[in-house]
Amino acid sequence: MKLIFFDIPKRAELDKIKKPHWWSTQYWTLRDDYSARFITDGGTYHLRLKAGWVTDKRSGSRLLDWCAPKDGNNVYQACVFAHDTSYSGWLDKSTADELFVHQGFAYSAECGTRQAQLSYDAVSLFGSAYNLEDEMPAPYTENRNFESLKLLDK
């Protein structure tokens, strides 16, 4: 499947969640409802997130920022959100990795094609350990109630 175009009306505003410990992962919540569309040669995916949805932006250490930054432009942010949502079971992992990491990161111009490929390889490798049947770890346990990613047309 090939990503052709994005329809991302606005940048999402996020609020930090207070960390219990200095070494804990930083999480953010979505301040307002958010939506984005990803037009592919296989149809249009519509991402909808409600205020209160939780993200860590991009998983992993700050040492990975050279390859896949935590923060980026509107397109990059939408791809990170869509990828996170996909892993909640809305879309199979291989399609999510290809569309939103491999192609999306490169399209965003926040990453070059090599960095997008490295990010794709890493998420394909480490994401394979994630099973949709597993219970979502805190603070993601409620995210399914705040998100949807649907294929609108083929």
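The values are calculated or read from the model by the stated rules, or taken from the named source; none is laboratory data. Predicted model, so just to flag it, every value in this text is computed and none were measured. Cβ sites come from the backbone with ideal geometry, for glycine too, and all protein chains shown count toward neighbours.
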Checklist entry - Going by the conditions given, is Tyr76 aromatic (Phe, Trp, Tyr), within 16 Å of Asn143 (Cβ to Cβ), within 13 Å of the chain's Cα centre (by Cα) and not in a loop (DSSP other than H, G, I, E, B)? => result no
Next on the checklist: Tell me yes or no: at least one residue of the range 86-105 is part of a helix (DSSP H, G or I), in contact with a Lys or Arg (Cβ under 9 Å, 6 or more places away or on another chain), over 15 Å from Phe6 (Cβ atoms) and in contact (Cβ under 8 Å) with a residue 60 or more places away in the chain.
Outcome noted: yes
Next on the checklist: Restricting to the range 48-73, and then to whatever is out of contact with any strand residue (DSSP E or B) (no Cβ under 8 Å at 6 or more places or on another chain) and of a type in the set (S, T, N, Q), can you tell me which residue is surrounded by the most Cβ atoms within 10 Å (Cβ to Cβ)?
Outcome noted: Ser59
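Here's the yes/no breakdown for (1) small (Gly, Ala, Ser); (2) over 23 Å from Lys150 (Cα atoms):
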| residue | (1), (2) |
| --- | --- |
| Lys19 | no, yes |
| Asp32 | no, no |
| Asp41 | no, no |
| Gly60 | yes, yes |
| Asp71 | no, yes |
Next on the checklist: Exactly one condition in (1) surrounded by fewer than 20 Cβ atoms within 10 Å (Cβ to Cβ); (2) in a loop (DSSP other than H, G, I, E, B) is false for Gln117; which is it?
Outcome noted: (2)
Checklist entry - Give me the pairs: first residue in the range 42-62 and modelled with pLDDT of 95 or more, second residue of a type in the set (Asp, Glu) and part of a loop (DSSP other than H, G, I, E, B), beta-carbon distance under 6 Å, and six or more apart or on different chains, which are they? => result Lys50/Asp33; Ala51/Asp32; Ala51/Asp33
Next on the checklist: Step by step: first the residues of the range 25-55, then only those that are in a strand (DSSP E or B) and among the aromatic types (Phe, Trp, Tyr), then the one that is farthest from Asp7 (Cα to Cα). Which residue is that?
Outcome noted: Trp28
